[in-house]
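The values are calculated or read from the model by the stated rules, or taken from the named source; none is laboratory data. This is a predicted model, so every value here is computed, not measured. Cβ coordinates were reconstructed from backbone atoms using ideal geometry, including for glycine residues, and neighbour counts include every protein chain displayed. With ligands, DNA and RNA removed, areas are computed over all heavy atoms of the protein, side chains included. Shrake-Rupley method; radii C 1.70, N 1.55, O 1.52, S 1.80 Å.
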Amino acid sequence: MDTENLLSEYDVILASASPRRKELMGLICKDFRVIPSDCGEDIPEDIKPEMTAEYLSRIKCGCISEVYRNALVIGCDTVVLCDGKVLGKPEDEQDAARMLRMLSGKTHQVITGVTISCGTKKSSFSVCTDVTFRTLSDEDINDYVATGEPMDKAGAYGIQGKGALLAKKINGDFFNVVGLPVSELAAKLKNFTQK
């Protein structure tokens, strides 16, 4: 699937500050710009937890596409869902430890919402991956939090780093857990640009 050629006629913008997403986007398209969205991330009460990531991706995409109206903008957001609760990025080390205790020994969902827009055309989707953590001791949690890795990541862990040591099983798209469902996004971009 050659998305590179399909996207070559577009000014492609990734509306994300994540270095991981930037790296993964490079698998789909080499020629793109990164312009992080600094829009607010307030979630209305009527948004279902499993739709949070997609809602936030629309906000981020919309902020950038309002300024760059002729560009093809890709907005993304990733959340961790555990026992029906959305876990975003931890506020501090105690919050990170609290989240990791919640995830210990359980299966949770990592949901990445993606919105693509160009001009008046928009498309949004979500991808969900199940991740099962092994049972974590207090020492495991404290050692991991001390690395600093959890602090800028939804659910307080990064699967592509030392957080991989916490996971027992992944069912679904690994790259979705990192923050960008590359296979699904490539397919969606192909459809989006051909219509």
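Where residues in the range 43-62 are assigned to a loop (DSSP other than H, G, I, E, B) and not basic (Lys, Arg), which of them is most open to solvent (accessible area, probe 1.4 Å)?
GLU45
Looking only at the range 165-180, which residues are surrounded by fewer than 18 Cβ atoms within 10 Å (Cβ to Cβ) and closer than 20 Å to MET102 by Cα?
Correct list: LEU165, ALA167, LYS168, LYS169, ILE170, ASN171.
Across the range 3-20, what is the total count of residues that are open to solvent by less than 70 Å² (accessible area, probe 1.4 Å) and either farther than 14 Å from ILE74 by Cα or in contact with a helix residue (DSSP H, G or I) (Cβ under 8 Å, 6 or more places away or on another chain) (or both)? Spell out how you get there, then give the answer.
In the first step, residues of the range 3-20 are kept if they are open to solvent by less than 70 Å² (accessible area, probe 1.4 Å); the result is 3-4, 6-7, 10-16, 18, 20.
Retained after the next criterion (residues that are either farther than 14 Å from ILE74 by Cα or in contact with a helix residue (DSSP H, G or I) (Cβ under 8 Å, 6 or more places away or on another chain) (or both)): 3-4, 6-7, 10, 13-16, 20.
The qualifying residues number 10.
If MET25 satisfies all but one of (1) under 20 Å from GLN194 (Cα atoms); (2) in contact with a helix residue (DSSP H, G or I) (Cβ under 7 Å, 6 or more places away or on another chain); (3) open to solvent by less than 80 Å² (accessible area, probe 1.4 Å), what's the number of the condition it fails?
Answer for MET25: the failing condition is (2).
Check ASP38, ASP46, ASP42 and return the single one that is touching a residue at least 24 places away in the same chain (Cβ under 8 Å) and among the acidic types (Asp, Glu).
Only one candidate passes the filter, namely ASP38.
What are the residues in the range 151-164 that are in contact (Cβ under 8 Å) with a residue 24 or more places away in the chain and open to solvent by 50 Å² or more (accessible area, probe 1.4 Å), if any?
MET151, ASP152, GLN160
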